[in-house]
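Enquirer: So that we are looking at the same thing, I have put the structure below in structure tokens.
The values are calculated or read from the model by the stated rules, or taken from the named source; none is laboratory data. Predicted model, so just to flag it, every value in this text is computed and none were measured. Cβ atoms come from the backbone with ideal geometry, glycine included; neighbour counts cover every protein chain shown. For the accessible areas, the whole protein counts, side chains as well, though only heavy atoms, and no ligand, DNA or RNA atoms are used. Shrake-Rupley method; radii C 1.70, N 1.55, O 1.52, S 1.80 Å.
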Amino acid sequence: MAARKFGTAGAECLTWAMNTHLPGLVASRYRNSLIVAFSTGNVYPLRSASEGGALESTPTTPVGEYAQSALGRERMFEYGSAKWGTPVTILRLNYAIDLRYGVLLDIGQAVNQNRPVDLHMPLVNVMWQGDANSWCLRSFAHSQSPPFVLNITGPETLSVRDIAMEFGRYFGIEPQFNSEDGPTAFLNNAAKAQQLFGKPSVKPSEMIEWIAHWIRQGGTMLGKPTHFQTRDGKF
């Protein structure tokens, strides 16, 4: 799961070293192990709501050096699997959520602080971190050569505007927005994973409620904005 995203702009070589070179070393060192490697839905193209989320069969078209290097990570494990027969699962994750970090926290904090919510990325998929961890561990049983690719995220396609409005109701604040809804977003269809593992145990409405309470009580934050609204791949 070692990877680098934020700070890529201006230090692209370090991002490639972390996201592509290091996985190559891991693939070689642990060639006789089962490997589950996290990737990202950013390797897929932006999609409209009518298209729905990208499937595992959707051609990859990564935008920007972070997403390109993440696809490089996949290719290193794919190479190792082909060369040594290593059983591998590649997980393309969209937006894991924690009380201290994540897309929902970014939106909730903006609403609570009366900052405009950016709608350039109008839709998101999210998944509670505990559910992502559970699916990750269970995916070892499906590792194979060539690698088994699996999207992991929640089944809902959520409107950023609607999420902000829901936080607004908890805080008694009318959300502000600084743009119109963008035409497309990074959307991920995890139907295959849900067939294997069932639906996530935590619903988006529960995450929003928990995070709103966490913000109100001054809970500890990691202080790492996700920059989920970025469309040009420059992090």
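Enquirer: So if the hydrodynamic radius of the chain is defined as the Kirkwood radius over C-alpha pairs, what does Stokes-Einstein give as its diffusion coefficient at 10 °C and 1.306 mPa s, in µm² per second?
Expert: Details: Rh = 18.3 Å.
The calculation lands on 87 µm²/s.
Enquirer: Now for a separate question. Please figure out what share of the DSSP beta bridges in the chain is antiparallel and state it in percent, rounded to the nearest 5.
Expert: On the way: 5 of 20 bridges.
Percentage antiparallel, nearest 5: 25.
Enquirer: Something else: Sort Lys5, Lys199, Lys224 by heavy-atom solvent-accessible area, probe 1.4 angstrom, most to least. It would help to have the intermediate numbers written out before the result.
Expert: Values: Lys5 45, Lys199 155, Lys224 125 Å².
Greatest to least solvent exposure: Lys199, Lys224, Lys5.
Enquirer: The stretch 41-116 to the stretch 147-193: how many Å between their Cα centroids?
Expert: Cα centroid of the stretch 41-116 versus Cα centroid of the stretch 147-193: 14 Å apart.
Enquirer: Tell me, what % of the accessible area of the stretch 1-120 is carbon and sulfur with a 1.4 angstrom probe? Provide the component values of the computation, followed by the final result.
Expert: Working: 2970 of 5250 Å².
With neighbouring chains kept in place, the figure for the stretch 1-120 is 57 percent.
Enquirer: How much area per residue is accessible in the chain when the probe is 1.4 Å and only protein heavy atoms are counted (Å²)?
Expert: Computed with neighbouring chains in place, this is 46 Å² per residue.
Enquirer: Sticking with this one: Could you order peptides 93-105, 176-188 by the average number of other Cβ atoms within 10 Å of their residues, highest first? Could you put the intermediate results ahead of the total?
Expert: Working: 93-105: 22.2, 176-188: 17.3.
So the peptides 93-105, 176-188, ranked by packing, come out 93-105, 176-188.
Enquirer: How long, wide and thick is the stretch 80-145, going by the Cα atoms along their three principal axes, in whole angstroms, largest first?
Expert: Extents along the principal axes, in whole Å: 54, 24, 15.
Enquirer: Once every Cα of the stretch 124-235 carries one equal point scatterer and solvent is ignored, give the base-10 log of I(q)/I(0) from the Debye formula at q = 0.10, 0.11, 0.20 Å⁻¹, two decimals.
Expert: Ignoring solvent entirely, the Cα scatterers give -0.39, -0.47, -1.28.
Enquirer: Would you mind listing how long the stretch 22-109 runs along its three principal axes, going by Cα atoms, in whole Å with the largest first?
Expert: Taking the Cα atoms of the stretch 22-109, the three principal extents are 44, 31, 21 Å.
Enquirer: Would you please put 34-46, 136-148 in order of how densely packed they are, using the mean number of other Cβ atoms within 10 angstrom per residue and starting with the highest?
Expert: Numbers: 34-46: 21.2, 136-148: 15.6.
Result, highest mean first: 34-46, 136-148.
Enquirer: Hey, another quick one. Using the Karplus curve 6.51 cos²θ - 1.76 cosθ + 1.60 with θ = phi - 60°, work out ³J(HN,Hα) for each residue of the stretch 140-156 in order, rounded to whole Hz, and write x for Gly and Pro.
Expert: Once rounded to whole Hz, the list reads 4, 5, 10, 4, 7, 10, x, x, 8, 9, 9, 7, 10, 5, x, x, 8.
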